[in-house]
Every structure is written in C-alpha cells, then in structure tokens.
Amino acid sequence: MRDQQLEHALDLCRGARRINVFTGAGMSAESGLDTYRDATTGVWSHVDPQAMASIDAWARDPEPMWAWYLWRAALSRHADPNAGHRALAAWEQLPGVEAITITTQNIDDLHERGGSSEIIHLHGSLFDYRCTICSRPWRGGVSLPLVPDDDTPAHPAGPSARLRPPRCPLCGNLIRPGVVWFGEPLPEREWDAAERAMASADLVLIVGTSGVVFPAAGLPRIAAELGTPILEISPEPTDLTRLCDYSWRSTAATGLPALVDALAGLS
Ligand code: APR
C-alpha cells in the first residue's frame, strides 16, 4: 500500500515526457555535503560569503579563496552520489520519457557521477577553472587537498588557510574557480538553456533548494505561469512552495527513489 504523499506525487508525474528538475544544495545533503543556509551546519554559518564568494574578496586576497574552493572540490570528489541522484538517472530510462534536464544551482559533480545526462550548471562548477581576466579555460589541472577518510566532519572552511593559484599561460593573470560569485552574472548560455528547459517541460520538479537566491530562483515561475505541473520534494516549506501543485515532505534520497520505482511499476 503506497502512502498518500507518494500517490499525490505520482498523480502529477505519471506520463510526463519532458521533465525539468531544478535542484539545490539539499540534493547533495544526503551525500554528506553541507547546504548553505541550515542554521547550524550551513556553509554560510561557518564562512562569510562576502569574504569567500565575491569578486571583490578575490581581488583583495585570492589565496584563502583558492584554498577554500580546492577544499570544496575535494569534499565533492570525496562524496558519493546518493540514491536521489541515481533515481534521476534511472528515470531517464523509463519508457515514454523523452528527456530529463537537470537545472542545478549546485557546483558539485554529483549529478554527473549519478548518471544524469543533461545537466545545466547555473552557478558553475568546482571542477572548471579559468583565467580571471582573459577567461581562457585552465587545462593545467589542480591538486586537491586530502579529505580524511574517518568520520570527523570535514570543516567547511578546510585545512589550508592559503594556497597560491596558478597563472594563465596566455596573459599571466591568476586562474580562478569557474563558479559564479555573489554580484556576478550567471553564464548566458546556461541561463538561456535553463529558460528553454523550464518553458518546454511538461513536468517540473524542485528538489533541495530554499528558493531565495535570484535570478535562479525565478526560473520555476516560467513553468508556473504556463500552468506546468510542479512537484517539490523538500523536508520543509520553501520560498518556492507557493508555486508548486504539491510540496512533498520528503528528501532527495528518499522521495526520488520511491517516486521513480513507483513510476517504473516496481512498487
Ligand atoms: N533533501 C531535499 N532537500 C533538502 C535536504 C534533503 N536531504 N536537506 C536539506 N534540504 C533543503 C533545505 O530544507 C533547504 O530548503 O535544501 C534547501 C537548501 O537550501 P540552501 O542551503 O539555501 O541552498 P540552495 O537553495 O541551493 O542555495 C542557492 O545560494 O549561496 C548560494 O550559490 C549558492 O547555489 C547556492 C544558492
């Protein structure tokens, strides 16, 4: 006997062919990566975003930021995709599904490693690096710090206070992380693709985002204004809940596998 919440979610999802999944940090929480705004464990409760995620801070003193982003890349690589990431990849294989686009605010690589094939990174990636000035992609590789295998929680601030970024072979300026910092524009190509994905979907899922950071958080409104069914999977209400046809009190690694198994007729 399936629970009522799953039944309600299924009613929205059955028969969907072009699905757009809008994800945030909560998608990776069950992989052991901290979300941003949780009052006690959130990244921003340990680290000042203006000091570690702004272009002004980078111009002032890049070495602490370079160390921190390498640490976060190491944490992401040390984490494993969870059952929610894997369920989204499995959904792509179900009969009748044409495409599942992941529109993510996350900078980790867990959707890729979980097997999804169409991923739009609105806020960049921990594994892309480019020249601060000429934007030439950095192909020189980086060495990530070691993450202890024991269960001690890896501190979000990381072990090294400062590391020197490499220099661009073309213009000699510093190589920076390929992520979007506060006050910076989102990448145009990804933004256009995300708008198209929202407008062309016949079902939108929202998983693991508080919906408070714009312009990304404005994307689901495109689907809402078209009357596209929107299902949210979140342990608590969010700023996007009011746009949703149903907000399922569940988590990424519990709700998504249950939903995809039921859609596959496995449960
Ligand atoms: N499953 C699903 N959702 C979860 C889970 C889980 N296991 N755990 C937590 N959540 C929810 C939280 O309830 C919260 O609503 O995930 C959301 C995480 O919200 P934030 O920490 O604000 O992260 P996010 O919405 O991704 O932040 C957006 O803000 O700082 C910037 O660039 C950064 O991309 C980030 C953006």
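The values are calculated or read from the model by the stated rules, or taken from the named source; none is laboratory data. Please read all numbers here as calculations on a predicted model, not as lab measurements. For neighbour counting, all protein chains shown are included, and Cβ atoms are generated from backbone atoms with ideal geometry for every residue, glycine included.
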Report, by residue number, each residue of segment 211-251 that is hydroxyl-bearing (Ser, Thr, Tyr) and outside any helix (DSSP H, G or I).
-> THR228, SER234, THR238, TYR246, SER247, SER250, THR251
Taking the options ARG221, ARG196, name whichever one is of a type in the set (Lys, Arg), free of Cβ contacts under 8 Å to residues at least 12 places away in the same chain and surrounded by fewer than 19 Cβ atoms within 10 Å (Cβ to Cβ).
-> ARG196
Enumeration of residues in segment 126-144 that are surrounded by fewer than 17 Cβ atoms within 10 Å (Cβ to Cβ), hydrophobic (A, V, I, L, M, F, W, C) and without any contact (Cβ under 8 Å) to a residue 40 or more places away in the chain | CYS134
Within 16 Å of the ligand (Cβ to nearest atom), aliphatic (A, V, I, L, M) and at pLDDT 95 or above, is that true of ILE233?
-> yes
Scan segment 203-214 and report the pairs whose first residue is at positive phi and whose second residue is more than 10 Å from the ligand (Cβ to nearest atom) and assigned to a loop (DSSP other than H, G, I, E, B), with Cβ atoms within less than 8 Å and a gap of 6+ or a chain change.
-> none
Can you spot a residue in segment 170-191 that is within 16 Å of the ligand (Cβ to nearest atom), part of a helix (DSSP H, G or I), modelled with pLDDT of 95 or more and out of contact with any Lys or Arg (no Cβ under 8 Å at 6 or more places or on another chain)?
-> yes
Across segment 6-35, the tally of residues that are within 14 Å of the ligand (Cβ to nearest atom) and touching a residue at least 60 places away in the same chain (Cβ under 8 Å) stands at 15
